[in-house]
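S.K.: Provided herewith is a single structure, encoded as structure tokens, for subsequent inquiry.
The values are calculated or read from the model by the stated rules, or taken from the named source; none is laboratory data. Everything quoted here is computed from the prediction, not taken from an experiment. A quick note on method: Cβ atoms are made from the backbone with ideal geometry, for glycine too, and the neighbour counts reach across all protein chains shown. In case anyone asks, the SASA skips ligands and DNA or RNA and just uses the protein heavy atoms, side chains included. Shrake-Rupley method; radii C 1.70, N 1.55, O 1.52, S 1.80 Å.
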2 protein chains.
Amino acid sequence: MAQDGARSGTQSIERAFAILRLVAANSPRGLRLTDLTREMGLPASTLHRILKTLQDGGLIERSREGRRYIIGSELTLLGLSSPMRHFRELASGTLRSLSDQVGDAVFLSVRSDADTVCVDRKIGDFPIQVLSIEIGSRRPLGISANGAAMLSRMTTGKAAAILDQNADRLQSFGVERAVLMERIAAGRTLGYVQIRHAIVEGTSALAVPILDVLGQPVAAISTIAIAWRQPDHRIPLLIGLLQAAAAEISTALIEDATRRR
Amino acid sequence: MAQDGARSGTQSIERAFAILRLVAANSPRGLRLTDLTREMGLPASTLHRILKTLQDGGLIERSREGRRYIIGSELTLLGLSSPMRHFRELASGTLRSLSDQVGDAVFLSVRSDADTVCVDRKIGDFPIQVLSIEIGSRRPLGISANGAAMLSRMTTGKAAAILDQNADRLQSFGVERAVLMERIAAGRTLGYVQIRHAIVEGTSALAVPILDVLGQPVAAISTIAIAWRQPDHRIPLLIGLLQAAAAEISTALIEDATRRR
DNA sequence: ACGAGACTTCCATCATGTGGGAACCCTCGA
DNA sequence: TCGAGGGTTCCCACATGATGGAAGTCTCGT
């Protein structure tokens, strides 16, 4: 039953986290007990015991419609203490003005191991907005434009390793590995990633990575719109704006890190 | 060794959460391993093992100066999925304009079991600001003006029970239970709580509770300033502003809850 | 350079968490 | 009204995951 070989001595705690990540990955709908048994391959009684503990601690709650498990308030409260909150705030202004300039929705995602998490999004003033993803949503690294942008700044080996790690989940999202590899390769040479027909038919996405002080891609920003808002001749302008915003966030990030040493 | 009688079958997970809460309560400084052994009464080896797991999961990190444990990015990311995030956002505008009106720092706290957690704060334009508490800070319910405000809207029995639960921690903050009881009783009749010489000598705080649809105090807002900014003749004005803001947030909260049923 | 206190690792031991089974309850759709 | 699928609670034998004492390593301050 142990899929990882590590005898770390903290099985139940690790299971609890795995549950939290799964629940977050299915936000905001939430997951039923049955879903969790399927996903985690554990008996319902074991899961139920852990879930009850998580619920007592306020780390998960039950949605009122379905009796689905969703992320609880306590996690937000705990998360307010983390330096990551400052990252969100430090990027907020840049993101806002980027959205004002492009007129379409913009998204900021960070990497979390082999996932991307959307940490913020701003809506532009153009009447049609493509709101592909909620704040807090967790996706396998690679499927979103932001994910591909981050992968395009890693070594090919590292990128491939992450795609391997996500293989089954990518499949369940109906994404071909070869398509991703190609997209990443293109991103590597161009410096940005473009996806036509991103989430929904007729939409288009552009993304650029955000680098930390070591040059590692820790985050990415993207803009998504209906396809004709991103014609070829407008790409250079949009990419320029995205890259300027990415550089601004990257600089602020590095300054912030050094300031608090 | 078991301080609670419940044989719940999830000892290690509960310990992990207790650690997270303790670390959050000592944000942003963080805690050393020794601090945790003292606070939790567990051997260092056991704590170390759990801490390593929490660290591997990104739920805690090490601060670079001291090797102190602090809340990790992953908790922020998980917390973005919770409905509690909406509460923060829905209150943000009200809080901003409240701060603009009073000119001093204002604080929004929510209740988390027997704690208060500061979820947001805004700074006014008066040149001297009393920034008593960081966003994310967790304190035993009762010591802050916001805490007292919440207690003043509970039954005396419930309030007393919470103070009992927090007895030891209140002591370590150097707060007399009798003083709190008096403060709460005053709050009950007046409808607001005032604390002279709040955190630091020469400061003053005012707080009012925020009620949910059932009339339960789920949050509170306060303003803190140097004492002469809150002279007696200005109290009615300030309380009026605080209560208006509290009502606004309460209404938004209830609307939001019904909208998503 | 030294010592004390803090941190980390090891490992024998056993309490803790596990998971199968089964009964019961609840909700929803037919 | 009924049935089916899910959710919840209980029990218990088992083994293994978690425990914590002890010993080793690191990191300060003096």
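S.K.: At 7 angstrom along the Cα-to-beta-carbon line, where would the label on B:T46 sit relative to the other copies? Give the distances in nm, shortest first.
M.R.: 2.3
S.K.: One decimal, nm, shortest first: give the distances between the label point of B:D125 and those of the same position in the other copies, each label point 7 Å from Cα along Cα→Cβ.
M.R.: 2.4
S.K.: Calculate, for region B:11-77, the solvent-accessible area per residue in square angstrom, rolling a 1.4 angstrom probe over the heavy atoms of the protein chains. Write down the numbers at each step before the final one.
M.R.: Working: 2950 Å² over 67 residues.
Per residue, region B:11-77 has 44 Å² of solvent-accessible surface.
S.K.: With label points built 7 Å along Cα→Cβ from the Cα atoms of B:R29 and B:I226, find their separation and express it in nm.
M.R.: Result for the modelled spin labels: 2.6 nm.
S.K.: Here's something else I'd like to know. Only counting protein heavy atoms at a 1.4 Å probe, give the residues of region A:118-140, ordered by number, whose accessible area falls by 20 Å² or more when the other protein chains are present relative to the chain alone.
M.R.: Buried by the other chains: A:I135, A:G136, A:R138.
S.K.: Grab the residue from chain B whose Cβ hugs the B-to-A rotation axis most tightly, plus its distance in whole angstrom.
M.R.: B:G79, 2
S.K.: Placing +1 at every Lys and Arg Cβ and -1 at every Asp and Glu Cβ, with all other atoms neutral, what dipole size does region A:83-259 have around its Cα centre, in debye to the nearest 20?
M.R.: Working: 18 positive and 18 negative charges, 24 e Å.
Once rounded to the nearest 20, the dipole reads 120 debye.
S.K.: Right, next: What pairs from A:K122/B:K122; B:K122/B:K158; A:K52/A:K122 go past 26 Å between their alpha carbons? Intermediate values should be presented prior to the final figure.
M.R.: Working: A:K122/B:K122 21 Å; B:K122/B:K158 31 Å; A:K52/A:K122 36 Å.
Among A:K122/B:K122; B:K122/B:K158; A:K52/A:K122, the Cα-Cα distance tops 26 Å for B:K122/B:K158; A:K52/A:K122.
S.K.: In whole angstrom, how long is each semi-axis of the equivalent ellipsoid of the protein assembly as shown, when you take the square root of 5 times every eigenvalue of its Cα gyration tensor and sort them from largest down? Write out the running numbers ahead of the final one.
M.R.: Details: eigenvalues 321, 170, 89 Å².
That gives 40, 29, 21 Å for the three semi-axes.
S.K.: So, one more: Please tell me the relative contact order of region A:1-159 in percent, rounded to the nearest whole number, where contacts are Cα pairs under 8 Å and at least six residues apart.
M.R.: Working: 184 pairs, mean separation 26.4, N = 159.
With pairs under 8 Å counted, the relative contact order is 17 percent.
S.K.: What is the Å³ per residue value for the convex hull set by the Cα atoms of region B:11-77? Write out the running numbers ahead of the final one.
M.R.: Values: hull volume 5.3 nm³, N = 67.
Roughly 79 Å³ of hull volume per residue.
S.K.: Can I ask one more? How far, in nm to one decimal, is A:R259 from itself in the other copies if the label point is set 7 angstrom along Cα toward Cβ? Shortest first, please.
M.R.: Going from nearest to farthest copy, the values are 3.3 nm.
S.K.: Also, quick follow-up: Of A:S109, A:S82, A:S222, which has the largest mean-square fluctuation in a 10 Å C-alpha GNM of chain A?
M.R.: Ranking A:S109, A:S82, A:S222 by mean-square fluctuation puts A:S82 first.
S.K.: At what distance in nm do the modelled label points of A:Q171 and B:R96 sit from each other, each positioned 7 Å from its Cα along Cα→Cβ?
M.R.: 4.7
S.K.: What's the FRET efficiency of B:V179 with B:L214 using the Cβ-Cβ distance as r and R₀ = 35 Å, to the nearest 0.05? Write out the running numbers ahead of the final one.
M.R.: Values: r = 29 Å, r/R0 = 0.83.
Efficiency for this residue pair is about 0.75.
S.K.: Using a 1.4 Å probe, what is the accessible area per residue for region B:83-259, in Å²?
M.R.: Working: 7670 Å² over 177 residues.
Ligands and nucleic acids excluded, the result is 43 Å² per residue.
S.K.: If you don't mind, another one. Given the options B:L59, B:L33, B:L214, which has the most mean-square fluctuation in a GNM of chain B, springs set between C-alpha atoms less than 10 angstrom apart?
M.R.: Taking springs between Cα atoms under 10 Å, the residue moving most is B:L214.
S.K.: Another question, if that's okay. Using the Cα atoms of region A:83-259, I'd like the radius of gyration and the largest Cα-Cα distance, Dmax, both in angstrom.
M.R.: Radius of gyration, then largest Cα-Cα span, for region A:83-259: 14.9, 45 Å.
S.K.: Counting protein heavy atoms only and a 1.4 angstrom probe, how many square angstrom of accessible surface do chains B and A bury in total, to the nearest 100?
M.R.: Values: alone 13850 and 13830 Å², together 23740 Å².
Summing both sides, the interface buries roughly 3900 Å².
S.K.: Continuing with this model, one more query. So what is the relative contact order of region A:11-77, in percent, for Cα pairs below 8 Å that sit 6 or more residues apart? It would help to have the intermediate numbers written out before the result.
M.R.: Details: 70 pairs, mean separation 22.7, N = 67.
Over region A:11-77, the number comes to 34 percent.
S.K.: Work the Kirkwood hydrodynamic radius out for region A:63-169: mean of 1/r over every pair of different alpha-carbon atoms, inverted, in Å.
M.R.: On the way: mean 1/r = 0.0637 Å⁻¹.
The Cα-based Kirkwood calculation yields 15.7 Å.
S.K.: Could you work out [θ]222 nm for chain A from helices alone, using -39500 (n - 2.57) per DSSP H run of at least four and dividing by all its residues? Round to the nearest 500 deg cm²/dmol. Don't jump to the answer; show the numbers that get you there.
M.R.: Working: 10 runs with 125 residues, N = 261.
It lands at -15000 deg cm²/dmol.
S.K.: Quick one: compute the contact order of region B:83-259, relative version, from alpha carbon pairs under 8 angstrom and 6+ residues apart, as a percent.
M.R.: Values: 316 pairs, mean separation 41.7, N = 177.
That works out to 24 percent.
S.K.: Most fluctuating residue of B:G124, B:G142, B:G41 in a GNM of chain B with Cα springs under 10 Å: which is it?
M.R.: Checking each option, the largest mean-square fluctuation is seen for B:G41.
S.K.: On full extension of the chain, what length is gained from B:D164 through B:R38, given 0.36 nm per residue of separation minus the C-alpha to C-alpha distance? Spell out each step's value before the answer.
M.R.: Details: separation 126, 0.36 × 126 = 45.36 nm, distance 2.10 nm.
Full extension from B:D164 to B:R38 adds 43.3 nm.
S.K.: Here is a further query. For region A:104-121, just list the computed ³J(HN,Hα) in residue order, Karplus coefficients 6.51, -1.76 and 1.60, θ = phi - 60°, integers in Hz, with x standing in for Gly and Pro.
M.R.: Per-residue couplings from phi come out as 10, 5, 10, 10, 10, 10, 10, 8, 9, 6, 9, 10, 10, 10, 6, 9, 7, 8 Hz.
S.K.: Could you give the length gained on full extension between B:L22 and B:D113, defined as 0.36 nm per residue of separation minus the Cα-Cα distance, in nm? Before the final figure, lay out the partial values.
M.R.: Working: separation 91, 0.36 × 91 = 32.76 nm, distance 1.37 nm.
Contour length minus Cα-Cα distance gives 31.4 nm.
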